[in-house]
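The values are calculated or read from the model by the stated rules, or taken from the named source; none is laboratory data. This is a predicted model, so every value here is computed, not measured. Quick reminder, even Gly has a Cβ in these numbers, built from the backbone with ideal geometry, and neighbours come from all protein chains shown.
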Ligand SMILES: C[S@@+](CC[C@H](N)C(=O)[O-])C[C@H]1O[C@@H](n2cnc3c(N)ncnc32)[C@H](O)[C@@H]1O
């Protein structure tokens, strides 16, 4: 199974290794983004495509008033996320769910939905963005942090959204507003924020 397939759905023994690697390498980036601008107390946060679950662990370690959900369609990532978040799951602060972004089985109104390094793999972007709008509270936020590969590169060919303009158009179509795009966070990456 190639890197694209493993990235889109980490599977088997290799998938487990990839999950652990992502927990190490990616989470440092997200923590850097969040540490000066944390969500307020009692926020309900959903991490879509949560992979190995380390970002959720960072949030539960940071603030025990957060209610946290992690969603991933890979059974291997769900097992790893549950392991990584065992204590907070026992305290009922964290729930890890196996499922697709096109049908998210969460009843709560979400304050913040995050999608890190995952949007590029979603097969139906329009349906996925509409599902996120459905789950968010009015005024709730959707935060995407993703690689932004250069035109024509291998990852650009894989990416389901290929430009900042396309992010904006699709988010607006789904019903989001106040959309901001930032390229300064890290070279070769894009940060997109949108409000319901
Ligand atoms: C490259 S990994 C990133 C994981 C984690 N967000 C991180 O940055 O470390 C992409 C994750 O998104 C998940 N994923 C991809 N498409 C998905 C979908 N349609 N629904 C739910 N999860 C999905 C994959 O299973 C994988 O765990």
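Please tell me if residue 93 is away from the ligand (no atom under 13 Å from the Cβ), surrounded by fewer than 18 Cβ atoms within 10 Å (Cβ to Cβ) and over 14 Å from the mean Cα position of the chain (by Cα). No, not satisfied. Only one of the numbered conditions (1) within 9 Å of the ligand (Cβ to nearest atom); (2) more than 20 Å from residue 172 (Cα to Cα); (3) surrounded by fewer than 17 Cβ atoms within 10 Å (Cβ to Cβ) is violated by residue 123, and that is (2).
Counting only helices (runs of 4 or more DSSP H) that fall entirely inside region 1-81 and contain at least 1 residues that are at pLDDT 90 or above, the qualifying elements are 12-34, 54-62. Going residue by residue through region 136-159, is there one that turns out to be more than 11 Å from the ligand (Cβ to nearest atom), surrounded by 15 or more Cβ atoms within 10 Å (Cβ to Cβ), within 17 Å of the chain's Cα centre (by Cα) and touching a residue at least 60 places away in the same chain (Cβ under 8 Å)? Checking region 136-159: at least one residue is more than 11 Å from the ligand (Cβ to nearest atom), surrounded by 15 or more Cβ atoms within 10 Å (Cβ to Cβ), within 17 Å of the chain's Cα centre (by Cα) and touching a residue at least 60 places away in the same chain (Cβ under 8 Å). Here residue 132 meets the list (1) under 14 Å from the mean Cα position of the chain (by Cα); (2) part of a helix (DSSP H, G or I); (3) more than 26 Å from residue 188 (Cβ to Cβ) almost entirely, failing just condition (3).
Checked against the criterion of being in a strand (DSSP E or B) and either modelled with pLDDT of 95 or more or within 26 Å of residue 190 (Cα to Cα) (or both), region 87-94 has at least one qualifying residue. Would you be able to say whether some residue in region 112-120 is within 15 Å of the ligand (Cβ to nearest atom), modelled with pLDDT of 95 or more, over 18 Å from residue 22 (Cβ atoms) and in contact with a helix residue (DSSP H, G or I) (Cβ under 6 Å, 6 or more places away or on another chain)? Taking every residue of region 112-120 in turn, at least one turns out to be within 15 Å of the ligand (Cβ to nearest atom), modelled with pLDDT of 95 or more, over 18 Å from residue 22 (Cβ atoms) and in contact with a helix residue (DSSP H, G or I) (Cβ under 6 Å, 6 or more places away or on another chain).
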